[in-house]
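Data first, discussion second: the structure below is written as structure tokens.
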Amino acid sequence: MQRLLIFLMACLACSALRADGSAGRPAHPALAQLPARMLWAWERPEDLRWLPADTGVAYVASTILLRGEEALVHPRAAPLLLAEGAALVPVLHVDASWRVPPALSAQQSARIVQELLRVAQRGNRNVVQLDFEVRRSQRPFLAQTMAEIRRRLNPRIALSVTALASWCMDDAWLPSGVADEVVPMAFRMGPGQDALRERLERHGFTQPVCRAAAGYASDEPPLRSIAARGYYFSPRPWTAASWRATQSDSYSAIP
């Protein structure tokens, strides 16, 4: 009987860990040094020398297009101007072609891993971010790639990954423990967005691993802050005025 009880308790503990990928794991030290406000700088010319000192920049350092058997790498070409000492996080953006669906081969996965390890050296805060919005059928490929990144990435460097809002609510699937930070995008949430926004306003994201950071958009109605760190996206080049407008609304954290 005692052995049976011990076995059942172990099963419950494993289930709890799967439900909360951060259970039992303290936040990565590098994330603790990252600003609470991060601006996303996309692949376009950006002059951000006006940015407040307490705001960091997560910039697209490289893009990979998966198409058929190919993994086409496009390092950043657009200029990015920053104030000296600004917190800088490189982002690897991965796209999968719709016209020529990717093979999702081991070679393509290896190319993503290789490129992420390369751009990880382009920051100054020991944090790197992967942005790859996969379709349902591509999830095993992303999970495998993330696991290999985790295996090969220097443990001093924190791995941040973006996620669709649904992945952090009713359609949770992200494997536990493969990322130090998950950034669900609380914008461009598709059909039913109004209902999703209302749920987020009330309760935040249901998955605990998704509650440390969140992404917001400058061109959507303000959403009450639902995470300790915010990443901010703009469809147009940032200006001091557009940044002030984004930050002008008072945000109150969800308990």
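The values are calculated or read from the model by the stated rules, or taken from the named source; none is laboratory data. From a predicted model like this one, the values you see are computed outputs, not experimental measurements. Every residue, glycine as well, gets a Cβ built from its backbone with ideal geometry; the counts of neighbours run over all protein chains shown. The accessibility values were calculated without ligands, DNA or RNA, using every heavy atom of the protein model including side chains. Shrake-Rupley method; radii C 1.70, N 1.55, O 1.52, S 1.80 Å.
For the range 91-147, the relative contact order works out to 51 percent when only alpha carbon pairs closer than 8 Å and six or more residues apart are counted. Contact order, relative form, for the chain: 18 percent (alpha carbon pairs under 8 Å, 6 or more residues apart, mean separation divided by residue count). I'd like the Karplus ³J(HN,Hα) series for the range 64-74: coefficients 6.51, -1.76, 1.60, θ = phi - 60°, whole numbers in Hz, and an x wherever there's a Gly or Pro. Per residue, the Karplus-derived 3J(HN,Hα) values read 10, 9, 8, 8, x, 8, 8, 9, 8, 9, 10 Hz. Using bins 10 angstrom wide from zero, how does P(r) for the range 19-98 break down, in % of all Cα pairs? Pairs per bin, as whole percents: 16, 35, 29, 19, 1.
Quick one: pull the percent of accessible area on the range 145-255 belonging to carbon and sulfur, 1.4 Å probe, ligands and nucleic acids left out.
53
Annotation: amide H-H contacts under 5 Å for ASN126 (H modelled 1.01 Å from N, sequence separation of 5 or more, or interchain): none.
The dipole here belongs to the range 64-174: it is taken about the Cα centre, uses +1 on the Cβ of Lys and Arg and -1 on the Cβ of Asp and Glu, and is about 280 debye. Backbone phi angles across the range 205-220, fed through the Karplus curve with coefficients 6.51, -1.76 and 1.60 (θ = phi - 60°), yield HN-Hα couplings of 6, 6, 7, x, 5, 9, 9, 8, 8, 7, x, 10, 10, 6, 9, 10 Hz in residue order; Gly and Pro are listed as x.
Based on C-alpha pairs under 8 angstrom that are at least 6 apart in sequence, the range 175-237 has a relative contact order of 34 percent.
Just how far, in whole angstrom, is the range 53-109 from the range 186-227 if you go by their alpha carbon centroids? If you average the Cα positions of each part, the centres end up 24 Å apart.
Taking only the Cα atoms of the chain, how large is their convex hull per residue, in Å³?
With only Cα atoms used, the chain gives 151 Å³ per residue.
Note on the range 101-188: semi-axes of the ellipsoid equivalent to its C-alpha gyration tensor, largest first and rounded to whole Å, are 20, 17, 11. Answer rounded, prolate or oblate for the range 45-137, using the Cα gyration tensor with square roots of eigenvalues a ≥ b ≥ c: rounded when a/c is under 1.5, else prolate when a/b is larger than b/c, else oblate. Taking the square roots of the gyration eigenvalues as a ≥ b ≥ c, the range 45-137 is prolate. Size of the range 149-191: Rg and Dmax of its alpha carbons, in Å, are 12.2, 39. Overall form of the range 192-235: oblate. Here a/c, set by the Cα gyration tensor axes a ≥ b ≥ c, is 1.5 or more, and a/b is not larger than b/c. Summed over qualifying helices (DSSP H, 4 residues or more, each -39500 (n - 2.57)) and divided by its residue number, the chain shows a 222 nm mean residue ellipticity of -8500 deg cm²/dmol. Taking GLU69, GLU115, GLU148 and ordering them by how much accessible surface each has at a 1.4 Å probe, largest first, produces GLU69, GLU148, GLU115.
Which value in Å does the Kirkwood hydrodynamic radius of the range 147-255 take, with 1/r averaged over all unlike C-alpha pairs and then inverted?
14.9
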